[in-house]
1. Which trypsin sites (Lys or Arg not before Pro) in segment 154-216 sit in a loop by DSSP (not H, G, I, E or B) and have at most 15 other Cβ atoms within 10 Å of their own Cβ?
2. Below 10 angstrom from the Cβ of PHE157, what's the summed charge of the other residues (Lys, Arg +1; Asp, Glu -1)?
3. Quick one: if you stick a label point 7 Å off each Cα along the C-beta vector at SER348 and GLU20, how many nm between them?
4. Once you list every other residue whose beta carbon is under 10 Å from the beta carbon of PRO223, what net charge do they have if Lys and Arg are +1 and Asp and Glu are -1?
5. Please say if segment 48-171 is rounded, prolate or oblate, where rounded means a/c under 1.5 for a ≥ b ≥ c the square roots of the C-alpha gyration tensor eigenvalues, and otherwise the choice is prolate for a/b larger than b/c and oblate otherwise?
6. Quick one: net charge of LEU112's neighbours, Cβ under 13 Å, K/R +1, D/E -1?
7. Filter the GluC sites (Glu not before Pro) in segment 332-388 to those in DSSP coil with at most 14 other Cβ atoms within 10 Å of their Cβ, and list the result.
8. If you plug each phi of segment 97-108 into the Karplus form 6.51 cos²θ - 1.76 cosθ + 1.60 with θ = phi - 60°, what whole-Hz ³J(HN,Hα) values come out, in order, with x for Gly and Pro?
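Every read-out reported here was derived from the displayed coordinates using simple, explicitly stated rules and does not represent laboratory data. Keep in mind that this is a model prediction, so the values were computed, not measured. Using ideal geometry, Cβ is built from the backbone for each residue, glycine included, and neighbour counts are taken over all protein chains shown.
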Amino acid sequence: MNVPIARTSLLETEIQSVLEPLRTGWLVQGPKVREFEEKWSAFTGAEHSIAVTSCTTALHLSLAALGFGPGDEAIVPAFTWIATANVVEHLGGTVVFCDIDLATFNLDVSQLERLVTPRTRAILPVHLFGLSADMSAILAFAAKHKLAVVEDAACGFGARYKGRHVGTLGDTGCFSFHPRKAITTGEGGMITTNDAALAEKLRRLRDHGAAMSDLQRHLGARPYLLADHPDAGYNQRMTDLQAALGSAQMDRAQQIISERQRLAAVYDGAFEDLGWLRTAAKLEGYEHGYQSYPCLFQPEPVNMSSVLRVNAMRNEWMDKLQQRGISTRPATHAVHMLSYYREKYGLSPEDFPCAYVANHCSISLPLFHGMTEAEQAYVIDVVAEGFQ
Ligand SMILES: *Cc1c(COP(=O)(O)O)cnc(C)c1O
């Protein structure tokens, strides 16, 4: 049997939905984009949702709208997808990495205070793999130092913190609709915010800095006059084809999340007694969205002295799983070890030991909507055989 790490699951009606904008001829930033944004706000509880071309552009636009620029520093977890750090570089800022807590794979909030300098302007907490970061601590820290909070909620769909959907806690939240995420539009992203003025600025910046969108102008009294451009904006508009696909999936949003949570619970139960495989943290007040199913491979305690030995064993196990038809991946990467950041900032692995260990000893197992009982039972059986 072959079990992929993820598989896109779209209903026939969702596939058909893409035809509608093709037939009406409104292809970009039109009524389907507005509909998708409205459903997103209703589901997450965010006051404003702004659709863009990816989570990366959502993060970039958020920082730009918040006035982040050259010389400013932003705190970013060392274990995340590289895009969280890249957007800081794109705006001429400086990335200040923070180590993670191995128990959650998220920011270790106990280390934040010592990273602050007079140039610190922003923090980008990541809700990695669908588990919220420790937002009470992060919001208190940000308020104390007057920092902007841009939540990287790329994996955060369905993730809740003390009852609130992630992405609605900071200044903005940024979501991804890449096919590896729970809802997909191929490429695509969404920004959420509860600040009306910021929302307006974000809408303007995504659309070349135009004071009024094409749709507003089209529906207004004088559609023949062009808008003013108060900003030198970007083009980060979502197409209506993408929005139609996203909007259609929102009609079964809760079901998509519940299905992922159900699959994760089956794994949790099956792996409970495997001392060598630690599954995702379950914490009071946190609802996991399970964008993926990240585990820590720990046949012995993992630390800086055992990490390379454990890494070799993990890779052998991943190889065995691959040969048995099961795709796995390291959960994500330690960004401080990627050559751009390592060389630019002169970093070494031990600067962020938990991120380094997570990079070398984490493993994500297949979890996706539409995974069959037989597929999951097969993964469980092969895992139960052990790693040797
Ligand atoms: C997927 C992901 C991104 C990038 O999202 P895109 O939509 O591909 O730009 C950023 N951050 C994290 C944590 C991610 O998982």
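1. LYS162
2. Here the charged neighbours net out to +2.
3. It is 5.8 nm.
4. Summing Lys/Arg as +1 and Asp/Glu as -1 gives +1.
5. Cα axes put segment 48-171 in the rounded bin.
6. -4
7. Filter output for segment 332-388: GLU385.
8. These are the phi-based 3J(HN,Hα) values: 6, 10, 6, 9, 9, 4, 5, 10, 6, 10, 2, 7 Hz.
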